[in-house]
Amino acid sequence: MTIDSVRGAPGVQEGADLVQLLTPEGERVDHPDYPLELTAEQVRALYRDLVIVRRVDLEAVALTRQGELGIWASLLGQEAAQIGSGRALGEHDMVFPTYREHGVAWCRNVPPLNLLGLFRGVSHGGWDPEEYRFHLYTIVIGSQTLHATGYAMGMQRDGILGTDKAGATIAYFGDGATSQGDVNESFVFASVFNAPVVFFCQNNQWAISEPLEKQSRIPLYKRAQGYGFPGVRVDGNDVFACLAVTRKALENARSGQGPTLVEAYTYRMGAHTTTDDPTRYRLKAEEEAWKLKDPIERVKAYLVRGDLADAAFFDEIDTEAKDYARGLRKACLELPDPGPMAMFEHVYAEGHPLITEEQEQFAAYLASFEGSE
């Protein structure tokens, strides 16, 4: 088997329509539709984001293996898609994630400990979506695209588009979600009402154990044409390209030009979740081919090629990432378990008679054990 015969290998599905600004070898290239100027400091900041987010992800996987988290959905290999798009977001934009957008959460300043608390089962989410402009994780596949479209239509009706308070929504989902009815319905509504929403599909080649060819017979970004709005395929392992493409899509949405579908062509290097075993359905050679396009290594190569960072910088970032993960682990293990009545909190914004009734019944049940051995 040759490397080019592996799904997702260079030249097999990517094609000339792939927007790329940084090659796997770390060479900077230009694209006429997506100009991008970054200072050395900004590139180093992106590198720091990528490294710390990957280290947090690896720590979470380890915590799960050690029984400290119930489950974890790793972003390994998808860091550039998330950091690039996350750093393109503006102050008034609103994010609707799945359960894997740890990098986007980092860009929105959501504390990683809050994410761990969710998967540890000690909170229902643990952050205020309005404060961070980042909604709670969505477990139901594809439903967040409808939420994002509805929120975007609300922004539109508030009359803020084109003003200094203009914002757009961005909905994240995977290639498998494109087979869901909710996603297709959101495309229809977004197109017909010209909603200010960006649909950001992280095509990581696998919907759990189902390969991409079971989801679509055409490239995913081309589906947008059938709904009447533009679609673009971007190298999902290129943080520069993901930043530039998402930035333009968001600017178009905020200015009233409607939705865009961004397909970030990437690869899920780890398991779907920590309950999954990818060795049962995919080839090791496929993973090895994608390792050559690692999103962190290409930024590091760019920094080295341009003499924009020295060994001391990379050592400093590695040390910072390890120290951050060490502190995160300690904080995670110290998270207090919620009391049994906590499950009734934050179900509704205001009181609800059914919840009140259930709460009273459960409180009486707990009280029945008082005084017993």
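Could you please put Leu333, Leu116 in sequence from largest to smallest accessible area, using a 1.4 Å probe?
Heavy-atom accessible area, descending, gives Leu333, Leu116.
Among beta bridges identified by DSSP and lying wholly in the range 3-338, the antiparallel ones come to about 10 percent. Among Glu357, Glu210, Glu101, the residue with the largest mean-square fluctuation in a Gaussian network model of the chain, with springs joining Cα atoms closer than 10 Å, is Glu357. Ranked by the mean number of other Cβ atoms within 10 Å per residue, highest first, peptides 293-299, 26-32 order as 293-299, 26-32. Taking K and R as +1 and D and E as -1, what net charge do the other residues with C-beta under 11 Å from the C-beta of Ser123 add up to? So the environment of Ser123 carries a net charge of -1. Heavy-atom surface analysis with a 1.4 Å probe gives the range 3-338 a carbon and sulfur content of 51 percent of its accessible area. Using 0.36 nm per residue and subtracting the Cα-Cα separation, the extra length available between Ser209 and Phe369 on full extension is 53.0 nm. In the context of the full set of protein chains, the chain has a per residue accessible area of 46 Å² (1.4 Å probe).
Take the Cα of Leu333, step 7 Å toward its Cβ, do the same at Asp30, and the gap between the two points is 5.3 nm. Estimated from helical segments only, the mean residue ellipticity of the chain at 222 nm is -13000 deg cm²/dmol, where each DSSP H run of four or more residues counts as -39500 (n - 2.57).
Between Thr23, Thr39, Thr149, the residue with the greatest mean-square fluctuation in the GNM of the chain (Cα pairs under 10 Å linked by springs) is Thr39.
Multiply the residue gap between Gln257 and Asn184 by 0.36 nm, knock off their C-alpha separation, and tell me the result in nm, one decimal place. Kindly include the intermediate steps, with their values, before the conclusion.
Working: separation 73, 0.36 × 73 = 26.28 nm, distance 1.97 nm.
Once the chain is fully extended between Gln257 and Asn184, it gains 24.3 nm.
Each 10 Å bin from 0 upward holds the following percent of the Cα-Cα pairs of the chain: 5, 23, 31, 25, 11, 4, 1, 0. Taking Glu185, Glu25, Glu350 as the candidate residues, the one with maximal mean-square fluctuation in a Gaussian network model of the chain, Cα springs under 10 Å, is Glu350.
Only protein heavy atoms count here; under a 1.4 Å probe, Phe96 has an accessible surface of about 10 Å².
The values are calculated or read from the model by the stated rules, or taken from the named source; none is laboratory data. Just so you know, these numbers come straight off a predicted model, no measurement behind them. Positions of Cβ are generated from backbone atoms using ideal geometry, with glycine treated the same way; all protein chains shown enter the neighbour counts. Heavy atoms of the whole protein, side chains included, go into the accessibility calculation; ligands, DNA and RNA do not. Shrake-Rupley method; radii C 1.70, N 1.55, O 1.52, S 1.80 Å.
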